[in-house]
1. Can you tell me the length gained on complete extension of the stretch residue 150 to residue 168, counting 0.36 nm per residue apart and subtracting the Cα distance?
2. Neighbour counts of other C-beta atoms within 10 Å: give me 134, 92, 100 arranged from fewest to most.
3. Taking the Cβ of each residue in 60, 85 as the centre, tally the other Cβ atoms inside 10 Å and list the residues starting with the fewest.
4. If I model a spin label at residue 26 and residue 49 as a point 7 Å from the Cα along the Cα→Cβ vector, what separation in nanometres do I get?
5. Send over the per residue convex hull volume for the chain, Cα only, as a whole number of Å³.
6. Per DSSP helix of 4 or more residues, -39500 (n - 2.57); summed, then divided by the residues of the chain. What does that give at 222 nm, rounded to the nearest 500?
7. Let me check against my output: what whole-number percent is the relative contact order of segment 19-107, with C-alpha pairs under 8 Å and at least 6 apart?
8. Only Cα pairs within less than 10 Å get springs; with that Gaussian network setup on the chain, which residue of 19, 38, 131 has the largest fluctuation?
């Protein structure tokens, strides 16, 4: 039996030509750029409820953008980073699976859903993921760094080697998820025992 290899994390896009930094776009202006969007840095864009279905984003960074309930049906997110963004209610599960890769720093992801997505090695840092849905997702080797996971749904989720050491608020059913090698701080152990009604003192 082959040993599990640690998933390699994508290199987050950070450097962009000056002409590729786009500030304050709304949905019509973004859509006017075309369907294949590569190595673009979007800053302060208002894209709430925008229909971004079918677009392909590659090596892009969204910074301080509002994408609340944006529609991503059939969209391709290929190594796309989000920093200080509002992504409430976004259905990432509707994105294309091929080359799907995302990064999240200081983002609001409440009510977002990642059902069935392959998120191996994904890094969530300083994010609010309250009531986000990870049903049937693969989070092998992912990290939730200083994230709020209150009410977050993990069911049939692959959490092999996932790092929860600085996450708070989570409740995980060890019988409904694969937690092999997952990492927890001692203070987080009650989140694994909720279903048993045990009290940890």
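1. 5.8 nm
2. On the way: 134 27, 92 22, 100 19.
Going from sparsest to densest Cβ surroundings: 100, 92, 134.
3. 60, 85
4. According to this spin-label approximation, the distance is 1.2 nm.
5. Each residue corresponds to 112 Å³ of Cα convex hull volume.
6. Computed mean residue ellipticity for the chain: -1000 deg cm²/dmol.
7. On the way: 239 pairs, mean separation 20.5, N = 89.
It rounds to 23 percent for segment 19-107.
8. Fluctuation is largest for 19.
Any read-out appearing in this document is the output of simple, stated calculations on the displayed coordinates, not a laboratory observation. These numbers were taken from a predicted model, which means no experiment stands behind them. A quick note on method: Cβ atoms are made from the backbone with ideal geometry, for glycine too, and the neighbour counts reach across all protein chains shown.
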